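Working notes, beginning with the structure itself.
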Amino acid sequence: MVLSRAVSDTDVSVHSTFASRYVRSSLPRYHMPEKSIPKEAAYQIINDELMLDGNPRLNLASFVTTWMEPECDKLIMASMNKNYVDMDEYPVTTEFQNRCVNMIAHLFHAPLGESETAVGVGTVGSSEAIMLAGLAFKRKWQNKRRAEGKPFDKPNIVTGANVQVCWEKFARYFEVELKEVKLREGYYVMDPEQAVEMVDENTICVAAILGSTLNGEFEDVKRINDLLEEKNKETGWETAIHVDAASGGFIAPFLYPELEWDFRLPWVKSINVSGHKYGLVYPGIGWCVWRTKDDLPDDLVFHINYLGTDQPTFTLNFSKGSSQVIAQYYQFIRQGFEGYRNIMENCQENAMVVKEGLERTGRFNIVSKDQGVPLVAFSLKDHTRHDEFEVSDMLRRFGWIVPAYTMPADAQHVTVLRVVIREEFSRTLAERLVLHIDTVMNQLDALPSNSVCQ
């Protein structure tokens, strides 16, 4: 005979599988609960709620890596308790960071001597890297103006209206005027001629984007460099370029090695790149490298010794995990140039599969370019019955996360859908996505006319 008993309020058995056996009432959401619960219960409660999140692998809105090899996952888990800033305590981790900085600097053709080390830093992402680069430009401009006895209270920066929001944050947080080159229909990146026309004696730099968030297109950095060369000669200014290569920095060297966008151009003084995008690392790692030591003012670098030795530091935050730095180093030595090239070629080929599949439907205009970040940006040819936001919403029913958005000024009347192709997006998924987009369009066509946009 099996004996049973009712569960009491004090029964905290840890042998049950599901948290519902413990939690008979809702847990508080915005204040800490009074009592503890078993670890299994805490895990199950959180895990169950997280199931309502989207699937990262099907999140085609994001440029961020969502898959890494199991061996790298092990390294990440083993190093999560290491604080990145404890350089004296974790010298090997620090050495890995320095190796990564130098590998990236050489990849971007920094003019380094035989025994010269690169100038750069690992960051939380490209947003922090951009803040640091912008601060370096601002301080160098201020120092020059101060030495010349000229006003230095009204710095500005020239960008395209297509820049990522981190540039707007930099301008607002650090009191720099943001001078934006407006877009126009059919041209969704910064126009080099217009950009250089906007440069004046207070311009700390021109920010060029290698891989626009909007359509993946590379801006013409060489043309900007050549125009600035002429203007600097005429005016005596020294206006330089920062390249925001968050998305394209780990693409161009492998797919377009002859494209001149990096330190091969004399007015490019700093470059940021996201390790957690096409650097193939999980979220939380970016990099900023400078052309030479002279391009990073010494008075921005702090020196501390309370962790055991003198440590130079130039970051906005302090403590952070070491895992992503170690993961980046893993990818560099694991993939090598050959591996990165193969992965980027595969991404580009899968982007072409999606693009050609959409073109075959006859329903879409392709907004992205073949040369650039491997993505497909597209818009509807016919807006009489549907819009891009409805297509995006309907694709969610199949699990796909495909964003719809409007372009910035002066192209805000253009709405676009965008599919970002990452390493983990296979040919099979590419083909299935096209099939589902076509299915969604047929389903929208079948709806009564009063249930879709007019």
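Overview of values
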quantity	calculated
Selected from GLY149, ALA411, ALA41, residue furthest toward positive end of dipole (the chain; charges at beta carbon)	ALA41
Cα gyration tensor, region 255-345 - rounded (a/c under 1.5), prolate or oblate	oblate
Point-to-point label distance, GLU197-ALA147, nm (Cα→Cβ direction, 7 Å offset)	3.3 nm
Theoretical gain in end-to-end length, LYS39 to THR439 [0.36 nm per residue, Cα-Cα removed]	139.6 nm
Karplus (6.51, -1.76, 1.60) ³J(HN,Hα), θ = phi - 60°, over region 323-338, in Hz, Gly and Pro reported as x	4, 5, 5, 5, 5, 5, 4, 4, 5, 4, 7, 6, 7, x, 4, 4
Selected from ASN81, GLY249, VAL92, residue furthest toward positive end of dipole (the chain; charges at beta carbon)	ASN81
Global geometry of region 380-442, whether rounded, prolate or oblate, following the gyration tensor of its Cα atoms and the 1.5 cut on a/c	oblate
Amide hydrogen neighbours beyond the local backbone of THR315, cut-off 5 Å, H modeled	none
In Hz, Karplus ³J(HN,Hα) per residue of region 52-61 (6.51, -1.76, 1.60; θ = phi - 60°; x = Gly, Pro)	7, 5, x, 7, x, 5, 9, 7, 8, 7
ASN215 long-range amide H proximity, modeled H, under 5 Å	none
Extension gain (nm, one decimal) between HIS106 and ASP393, 0.36 nm per residue minus Cα-Cα	99.0 nm
Test item: Cα-centred dipole of the chain, Lys/Arg +1 and Asp/Glu -1 on Cβ, debye	940 debye
Percent of beta bridges antiparallel (DSSP, the chain, rounded to nearest 5)	60 percent
For ILE421, residues with placed amide H under 5 Å, excluding near neighbours	LEU375, VAL376
Sequence-separation-based contact order of the chain, relative, with Cα cut under 8 Å and 6+ spacing, percent	20 percent
Two-site FRET efficiency, GLU49 against THR117, from Cβ-Cβ distance with R₀ of 45 Å, rounded to 0.05	0.45
Whole-Hz ³J(HN,Hα) from phi, Karplus 6.51 cos²θ - 1.76 cosθ + 1.60, for region 275-290, glycine and proline x	x, 8, 9, 7, x, 6, 10, 4, x, x, 9, x, 9, 10, 10, 10
Net charge of neighbours whose Cβ lies under 9 Å from the Cβ of GLY216, counting Lys and Arg as +1 and Asp and Glu as -1	+1
Charged-residue dipole, Cβ positions (Lys, Arg, Asp, Glu), region 132-219 about Cα centre, Debye nearest 20	580 debye
Shape of region 111-182, Cα gyration tensor, a/c cut at 1.5	oblate
Potential extension, ASN317-ILE333 segment - 0.36 nm per residue separation minus Cα distance	3.0 nm
Inter-label distance for ARG184 and THR415, nm, one decimal - labels placed 7 Å from Cα along Cα-to-Cβ	2.5 nm
Part-to-part distance (alpha-carbon centres) for region 33-86 and region 209-244, which is given in Å	39 Å
Cubic angstrom per residue, convex hull over Cα atoms of region 139-214	88 Å³
Approximate spin-label separation LYS231-THR292, in nm, with each point projected 7 Å along Cα-to-Cβ	2.3 nm
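Values in this text are rule-based calculations from the coordinates and carry no lab data. Being a predicted model, the structure only gives us computed values, none of them experimental. Here Cβ is always computed from backbone atoms with ideal geometry, including for glycine, and neighbour counts include all displayed protein chains.
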